[in-house]
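Accompanying notes for the structure given below.
The values are calculated or read from the model by the stated rules, or taken from the named source; none is laboratory data. Every value quoted in this text rests on a predicted model; they were computed, and no experiment measured them. Don't worry about glycine lacking a Cβ; one is built from the backbone with ideal geometry, like all the others, and counts go over all protein chains shown.
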Amino acid sequence: MKVMNNILTVSELNRSVRQMLEQGFPLMWVAGEISNFTRAASGHWYFSLKDPSASVRCVMFRQKNQYLDWVPKDGMQVEARALVTLYEAKGEFQLGVEGLRRSGQGAAFEAFLRLKEKLSSEGLFDQARKKRIPFFPRRIGVVTSLKAAALQDILKTLRRRMPSIPVLIYPAAVQGEGAAAEIAQAIEKASSHDACDVLILARGGGSIEDIAAFNAEIVARAVADCPIPIVCGVGHETDFTIADFVADVRAPTPTGAAEIASPDREDLARRLGILHARMRRMARHGLESRMQHVDHLGRRIVHPSEKIAGQHSQLKHLSARFDSAWRRQLEQRVWQVRHLSQRLSKPDLSIQSGRTKEAGARLASSVSSRFQLTRNALLKIAAHLEHLNPSSVLARGYSMVQKKSGEIVLHASQVSKGEEVGITFGKGCAEAMILSADQCS
């Protein structure tokens, strides 16, 4: 914290107070009534917690509230797991809410969350381990109380959808002391019998205390270990239990569980009707196609005598074409022989002589043209070489200066005053002495 002459800025003061509050108060549960609840466009929740004597502002950020499966409302009694803090920008004391639960759920809800987290970490909720519900089970098992209204709803639904499927009931208490153990024993009994293809675990709606048996670990373990696919339909659509998460399929109600576990005979009859009509169309189409093919083959059938007569006529036609072609080929060969004979017996020497003279003239012209092109190319090369000849350069008035060592002098810095040099001209040479060596612009 920056301090100058013991004077703090407002920002420094608020930051210091926030740090003191957050360090001085641990994460705690605070109970109260929700008021002024608002949901921002960002997804954050802002509300106040109050009791008859006081109130405190609260904020629950989106990354925290997204895990709640319910939305708070004004007037609702809740318990907030919160951190005491200060909103620095306005200097307002507030609670940063990490978790929220309805009042009265307290220890039971915490136990539910701990067990849920434990079983989830063990993989009991993984989708990969869940079994597929058979489309047409041979028998359906039901684990519930014989006195439960849910049992009658299940049986009524199964009779309506598919009365031909036998139903085996494994009775167990679904609420009260010892209910969890009875449910687990009934599931294990159904597993040992191995007489069902699918098992329905169900009970009707009620309070959290009424469905507590389905949140017991012993029931969750029994559901997970059962080799028979289990459909769990406990309570109303908004109720979630540990057994729902472990079961292979969760149904919103006991009636929904019965619908998931059994096929619908009306739907099957409709689908069979569609398949029957499709098979009839395919059979009729195949039969009609075969009939058309038979008619086509029937039109192609010809009496043997007619077929022989046709082949005889075709053979005569081919024989006539063969004779005509043979005569034509013979005439062409005779004409070619006569033509070659005439050419051999009367050679035209004047024509051959003319062709020879013409070829000689063309050859002479070609050689002359080639010679001229080559001569011109050589003249160009000679002119280029003459232009590059150093003697030609000296003949145009230039001279070449060399030191006694034979080194050619290219610039004044190579010689010094009093040094003797040789000068070569276009014709002849001379010796000279350097009087001065300066750079000329």
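Miscellaneous remarks
- Subset tally (residues that are surrounded by 15 or more Cβ atoms within 10 Å (Cβ to Cβ) and among the acidic types (Asp, Glu)) for segment 170-187: 1
- One residue stands out in segment 399-410 among those that are part of a loop (DSSP other than H, G, I, E, B) and either free of Cβ contacts under 8 Å to residues at least 12 places away in the same chain or not assigned by TED's automatic domain parsing to the domain that holds PHE425 (or both): the one that is surrounded by the most Cβ atoms within 10 Å (Cβ to Cβ), namely GLU407.
- When segment 155-178 is filtered for residues that are basic (Lys, Arg) and out of contact with any Asp or Glu (no Cβ under 8 Å at 6 or more places or on another chain), the ones remaining, listed by number, are LYS156, ARG159, ARG160.
- All positions within segment 177-196 that are out of contact with any strand residue (DSSP E or B) (no Cβ under 7 Å at 6 or more places or on another chain), on the phi < 0 side of the Ramachandran plot and not hydroxyl-bearing (Ser, Thr, Tyr): GLU177, ALA179, ALA180, ALA181, GLU182, ALA184, GLN185, GLU188, HIS193
The rows are residues; the columns are (1) assigned to a helix (DSSP H, G or I); (2) outside the structural domain of THR144 (by TED's automatic domain parsing).
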site: ILE228; (1), (2): no, no
site: PHE245; (1), (2): yes, no
site: ALA257; (1), (2): yes, no
site: ILE274; (1), (2): yes, yes
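- Sole residue being in contact with a strand residue (DSSP E or B) (Cβ under 8 Å, 6 or more places away or on another chain) and surrounded by fewer than 20 Cβ atoms within 10 Å (Cβ to Cβ), chosen from LEU146, LEU199, LEU158, LEU151: LEU146
- Residue in segment 24-35 that is assigned to a strand (DSSP E or B), at pLDDT 90 or above and more than 29 Å from GLU117 (Cβ to Cβ) present: no
- Scanning segment 364-391 for residues being closer than 30 Å to GLY428 by Cβ and either modelled with pLDDT of 85 or more or part of a helix (DSSP H, G or I) (or both) gives a total of 10.
- Within the option set LYS147, LYS90, LYS131, being within 43 Å of the chain's Cα centre (by Cα) and either assigned to a loop (DSSP other than H, G, I, E, B) or in contact (Cβ under 8 Å) with a residue 60 or more places away in the chain (or both) holds for one residue only, LYS131.
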